[in-house]
1. In this structure, is Thr160 surrounded by fewer than 15 Cβ atoms within 10 Å (Cβ to Cβ), of a type in the set (Ser, Thr, Tyr) and at pLDDT below 75?
2. In region 89-121, how many residues are out of contact with any Pro (no Cβ under 7 Å at 6 or more places or on another chain) and either at pLDDT 90 or above or of a type in the set (Ser, Thr, Tyr) (or both)?
3. Does region 161-199 hold any residues that are among the charged types (D, E, K, R) and touching a residue at least 40 places away in the same chain (Cβ under 8 Å), and which are they?
4. Give me the pairs: first residue in region 95-109 and on the phi > 0 side of the Ramachandran plot, second residue crowded, with 21+ Cβ neighbours inside 10 Å and modelled with pLDDT of 75 or more, beta-carbon distance under 7 Å, and six or more apart or on different chains, which are they?
5. Mind counting the residues in region 7-66 that are in a loop (DSSP other than H, G, I, E, B), at pLDDT below 90 and polar (S, T, N, Q)?
Amino acid sequence: MSDDANFNGQLVEREGTQGARSSIESLVRLIEREEAAPAIPAIFDLGEAHHGKVLNSWRALANRLEIFYVYIPYVRAVIGQGPLDRRLKEFVQVQTVLLNRCRSVVSHRVISEKAAGISEAELEGFSDRERLALVYAPALKPAAVSFADEPTAVDPELVTPLRAQFSDAIVELTATIALWKALARLHPVLGLQLDMEPPPAEIDHVL
């Protein structure tokens with residue numbers, strides 16, 4: 001694909017088939033502040049203040065304003081304060097993006113943990129509730145059976161313990177896993193690769 005492709009994609013870093021990093025064009029145009037719709041630069045400013053830069057996902061989604069305007073409030077609603085504690089949320093978020101092998105989103109989650117001040121001690125060991133959440137996270141996959149046969153699309157053996165351990169937090173837990181699974185697919189499909197510092201080497205080499 002040439003540098004003057006008619007959709008004006010931008011060069012981004014992406015993994016090659018053998019793990020090598022190469023520069024290719026993103027699938028969509030990454031919107032610049034100067035060309036954005038009138039309300040977008042102020043939102044970009046908030047993102048830059050929080051992340052140190054405007055994330056590539058924001059710049060890509062700004063191509064479709066109706067999506068962009070609801071995307072950030074939705075993400076904040078999912079990752080914000082709720083019945084689930086921050087430690088458990090970070091565990092399932094990191095596990096989800098690792099399972100989906102998205103280098104860019106893994107780097108976001110690692111940086112988020114650092115910004116939240118989560119210590120090494122806090123990351124050691126799992127409670128029974130956390131173990132259940134980590135088992136549930138990879139269980140969220142497209143159902144291969146009809147709704148009538150398996151309406152929850154998860155292992156029936158998980159249903160009772162999930163209800164017992166999480167009760168009204170099941171929606172938040174499921175939405176958290178689903179959000180990061182979606183973002184872990186969005187980035188590589190659109191060619192939105194690393195826009196922050198790489199993940200730690202011991203994690204990066206398996207992505």
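The values are calculated or read from the model by the stated rules, or taken from the named source; none is laboratory data. In this text, all values refer to a predicted model and were calculated from it rather than measured experimentally. Backbone-built Cβ (ideal geometry, glycine too); neighbour counts: all protein chains shown.
1. Taking the combined requirement at face value, the residue does not satisfy it.
2. 4
3. Of everything in region 161-199, those that are among the charged types (D, E, K, R) and touching a residue at least 40 places away in the same chain (Cβ under 8 Å) turn out to be Asp168, Glu172, Lys181, Arg185, Asp195, Glu197.
4. none
5. Residues that pass the stated criteria total 5.
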